[in-house]
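Heads up: the structure comes next, in structure tokens.
The values are calculated or read from the model by the stated rules, or taken from the named source; none is laboratory data. Remember, it's a predicted structure, so these values are computed and weren't measured experimentally. Neighbour counts run over all protein chains shown; Cβ positions are idealised from the backbone, glycine included.
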Amino acid sequence: MAVLNILRYPDSRLHKIAAPVTVFDEQLKKLVRDMADTMYAAPGIGLAATQIDVHRQVIVVDVSDRRNSLVVLVNPTIVESTGLSDIEEGCLSVPAIYELVERAERVKVRAYDQNGNSFTLEAQGLLSVCIQHEIDHLQGKVFVEYLSQLKQQRVRAKLAKQLRKSA
């Protein structure tokens, strides 16, 4: 089990755009295992490789209550989206901050699994929101950047306060 360090906003590395995965090998499978271990230990429901300073298009998600339904998406692309979600979001890179972000209620995603098999996944509700959130990370975007400038300033102030308390 490898629990990796999660980058914290506003770390500039969170804004790097992830490269597509072209080789599906043992190294990729290890990355997926380490990401899952890190996400579960945090604890969280989703993690993008960007958040652990690996800039490849890999995300892991598990929104199940029992934490036993891991979804691995490599090179994910949203091909269809409908509706509007009202689910508040949080992020392992932005601890203890929760805000409502406008997202699609349902998405259809085309991706590969860790073995290189392509598939399409239809998701709704929390899973849909989580997938969209993690895909944003791969594109160098953090959810707080959808908020107003005033809210972003408040988030930065809260995070700075958290950092001072933990030091």
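Can we say V155 is in contact with a Phe, Trp or Tyr (Cβ under 7 Å, 6 or more places away or on another chain), at negative phi and either at pLDDT below 95 or of a type in the set (V, I, T) (or both)?
Taking the combined requirement at face value, the residue does not satisfy it.
May I ask you to verify whether V74 is touching a Phe, Trp or Tyr at 6+ places or on another chain (Cβ under 7 Å) and either surrounded by fewer than 21 Cβ atoms within 10 Å (Cβ to Cβ) or modelled with pLDDT of 95 or more (or both)?
So V74 passes the test.
Please go through region 20-55 and give me each residue that is farther than 18 Å from S69 by Cα and either touching a strand residue (DSSP E or B) at 6+ places or on another chain (Cβ under 6 Å) or in a loop (DSSP other than H, G, I, E, B) (or both), ordered by number.
Correct list: P20, V21, T22, V23, F24, D25, A49, D53, V54, H55.
Is there a residue in region 62-79 that is farther than 21 Å from L126 by Cβ and assigned to a helix (DSSP H, G or I)?
no
Looking at L127 and the list (1) of a type outside the set (S, T, N, Q); (2) touching a helix residue (DSSP H, G or I) at 6+ places or on another chain (Cβ under 8 Å); (3) buried (at least 16 other Cβ atoms within 10 Å of the Cβ); (4) modelled with pLDDT of 95 or more, which single condition is not satisfied?
Unmet condition: (2).
So in region 83-99, with the set limited to residues that are touching a residue at least 40 places away in the same chain (Cβ under 8 Å) and of a type in the set (A, V, I, L, M, F, W, C), which one is surrounded by the most Cβ atoms within 10 Å (Cβ to Cβ)?
Per the criteria, the residue is C91.
What about E102, is it exposed (fewer than 15 other Cβ atoms within 10 Å of the Cβ) and within 28 Å of A19 (Cα to Cα)?
yes
Name the residue that is nearest to the chain's Cα centre (by Cα), counting only residues in region 79-106 that are closer than 16 Å to K141 by Cβ and of a type in the set (A, V, I, L, M).
L92
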